[in-house]
Ligand code: BES
Ligand code: ZN
């Protein structure tokens with residue numbers, strides 16, 4: 001087989017418009033569309049409007065569609081006609097909160113290029129990876145006045161808070177969104193210069209545990225030792241979540257876990273992964289986790305239970321002798337096929353009820369969840385993805401797994417009946433959700449070239 005190439009007409013246009021693409025992405029990144037914070041609801045709408053305007057400029061019909069939460073942006077180009085296939089590009093315009101702000105080298109919403117990287121909240125997750133598709137589509141319509149397939153662009157504003165309203169949106173607009181495949185760039189490549197197609201995502205079950213003791217904070221000398229301390233009770237509850245082998249000790253937790261296919265595990269072992277390099281990049285003194293599994297297996301194929309946040313008592317400057325009345329923990333489990341988020345939430349609640357010491361009450365509230373996903377690799381969309389990535393990067397993509405979650409991926413398959421191709425352009429160490437998030441300028445550029453090639457490759461079959 002000859003090495004695939006990026007069509008020259010599109011490649012020239014993208015090269016000539018590279019600076020425009022960067023300037024526009026910077027404008028997108030300046031909008032602080034933090035979905036988790038109600039005070040940013042206006043910014044989320046502004047980001048949606050900005051994107052709709054860019055889609056219109058590219059030649060799409062764009063609408064902003066309200067949901068009970070942040071709006072969905074829907075772009076449509078159906079010029080290939082009713083008999084041609086339709087591809088749907090999905091992404092999200094919302095971002096994670098930028099705090100702690102003081103740890104950013106340059107402000108989170110003032111994008112800046114340093115050392116070939118674009119630093120800003122949302123640069124890689126997911127505005128940069130979403131916008132590179134918009135530019136690729138614009139290239140087709142600008143150069144050729146047409147696309148070889150019909151295209152729908154669906155961008156939501158609630159991915160970072162669990163895509164709560166998207167499932168209902170897909171159900172409601174099932175006919176309008178009917179498509180032959182879904183393309184998503186919201187993930188990472190295995191290494192620089194190594195294009196990657198994702199074969200799995202973990203799911204999520206996120207809960208909050210509230211422990212209550214006395215009706216108000218108490219003097220720790222006058223009451224300590226006689227009244228149960230909710231912070232200590234919470235620490236005891238949390239300490240029961242794992243056994244000494246790093247396995248989750250919640251009864252029934254592993255019941256639905258399927259063995260990972262041997263072929264996929266074997267393929268995983270061929271990836272050149274350096275555990276020490278991975279450790280060093282995190283800055284942690286040592287790695288941990290479930291015994292009996294490699295780091296990649298722990299990350300991609302095994303479920304977890306983690307504390308994401310803890311709050312209780314006095315945490316200000318100096319000392320305060322107080323016996324807190326409440327303690328709270330945010331806890332989330334990453335899930336693998338066929339664990340069900342709702343079922344896991346129930347198991348956590350039952351577990352907490354069993355281990356809560358006398359003298360306090362504990363409640364477990366479900367926050368959000370998402371199902372795990374594993375791809376059926378192969379088929380025309382997957383094959384087109386391989387061709388497009390090879391054309392852009394000059395090397396065949398590797399198949400990887402992923403520890404993170406994109407809750408809607410399973411819904412696309414289930415509700416729209418369409419296969420999903422996940423080709424991401426982030427890189428290890430990109431600081432998604434953390435200070436100094438970045439995307440490599442080079443990957444933004446190659447991503448546009450790969451995305452532009454994908455539509456031709458898919459139409460050629
Ligand atoms: N882009 C990520 C998912 C992801 C993370 C893919 C790492 C590949 C590598 C996405 O925006 C995300 O952060 N998802 C959340 C989902 C949650 C809020 C339901 C996650 O994984 O925490
Ligand atoms: Zn994210």
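Rule-based calculations on the coordinates, nothing more; no lab input. Bear in mind the structure is a predicted one, so any value in this text is a computation, not a measurement. FYI the Cβ positions are ideal-geometry reconstructions off the backbone, even for glycines, and counts take in every protein chain you see.
General remarks:
- Prolate/oblate/rounded label for region 243-286 (Cα gyration tensor, a/c 1.5): oblate
- Relative packing of peptides 439-449, 325-335, 412-422, 2-12 - highest average C-beta neighbours within 10 Å first: 439-449, 325-335, 412-422, 2-12
- For the chain, the longest principal axis of the Cα atoms and the long axis of helix 41-58 meet at an angle of about 10 degrees.
- Considering only beta bridges that DSSP places wholly inside the chain, some 70 percent are antiparallel.
- Length added when fully stretched, residue 236-residue 383, from 0.36 nm per residue minus Cα-Cα: 47.9 nm
- Taking every DSSP beta bridge that has both ends in region 1-160, the antiparallel portion is near 60%.
- Cα gyration tensor category, rounded, prolate or oblate, for region 154-217 with a/c compared to 1.5: oblate
- P(r) weight above 19 Å for region 315-400, C-alpha pairs, percent: 65
- Helix 230-239 axis, angle to the chain major axis (alpha carbon atoms, nearest 10°): 60
- Sorted fewest first by neighbouring Cβ atoms within 10 angstrom, 13, 438 come out as 13, 438.
- Inter-probe distance in nm under a simple model that places probes 7 Å from Cα toward Cβ, at residue 101 and residue 291: 4.7
- The gain in end-to-end length when the residue 363 to residue 273 segment is fully stretched comes to 28.3 nm, 0.36 nm per residue minus the alpha carbon separation.
- In plain terms, the bigger the Kirkwood radius, the slower the diffusion; for region 410-461, with that radius from Cα pairs, at 37 °C and 0.692 mPa s, Stokes-Einstein puts D at 244 µm²/s.
- Taken over region 1-82, the alpha-carbon convex hull comes to 170 cubic angstrom per residue.
- Here the convex hull built on the C-alpha positions of region 355-408 has a volume of 140 cubic angstrom per residue.
- Between 0 and 90°, nearest 10: helix 341-355 axis offset from the chain longest Cα axis: 10
- Estimated [θ] at 222 nm from DSSP helical runs (n ≥ 4, -39500 (n - 2.57)) normalised by residues in the chain, nearest 500: -10000 deg cm²/dmol
- When each of the peptides 49-62, 93-106, 210-223, 280-293 is scored by the mean number of other C-beta atoms lying within 10 Å of its residues, the order from highest to lowest reads 49-62, 93-106, 210-223, 280-293.
- Cα pair count fraction exceeding 13 Å, expressed as % - region 102-152: 67
- Euclidean distance between Cα centres, region 197-260 to region 108-147, Å: 40
- More than 22 angstrom apart: percent of Cα pairs within region 325-461: 57
- Cα gyration tensor, region 104-195 - rounded (a/c under 1.5), prolate or oblate: oblate
- Rg in Å to one decimal, and Dmax rounded to a whole Å, for region 172-264 via C-alpha atoms: 23.4, 68
- Ranked 268, 65, criterion: other C-beta atoms within 10 Å, fewest first: 65, 268
- Percent breakdown of C-alpha pair distances by 5 Å bin, ordered from the shortest bin, for region 1-152: 2, 9, 16, 20, 18, 15, 10, 6, 3, 1, 0
- Ordering of 176-188, 305-317 by packing [mean C-beta count within 10 Å, highest first]: 176-188, 305-317
- Against the rule of thumb 2.2 N^0.38 Å, how large the Cα Rg of region 79-232 comes out: 1.57
- Potential lengthening between residue 167 and residue 228 on full extension [0.36 nm per residue; Cα-Cα distance subtracted]: 17.7 nm
- Along its three principal directions, the equivalent ellipsoid of the chain from the Cα gyration tensor extends over semi-axes of 41, 24, 21 Å, largest first.
- With neighbours defined as other Cβ atoms within 10 Å of a residue's Cβ, the residues 458, 131, 254 order from fewest to most as 254, 458, 131.
- 17 Å cut-off, amide nitrogen to a point 7 angstrom out along residue 434 Cα→Cβ, residues in region 92-116: 96-106, 108
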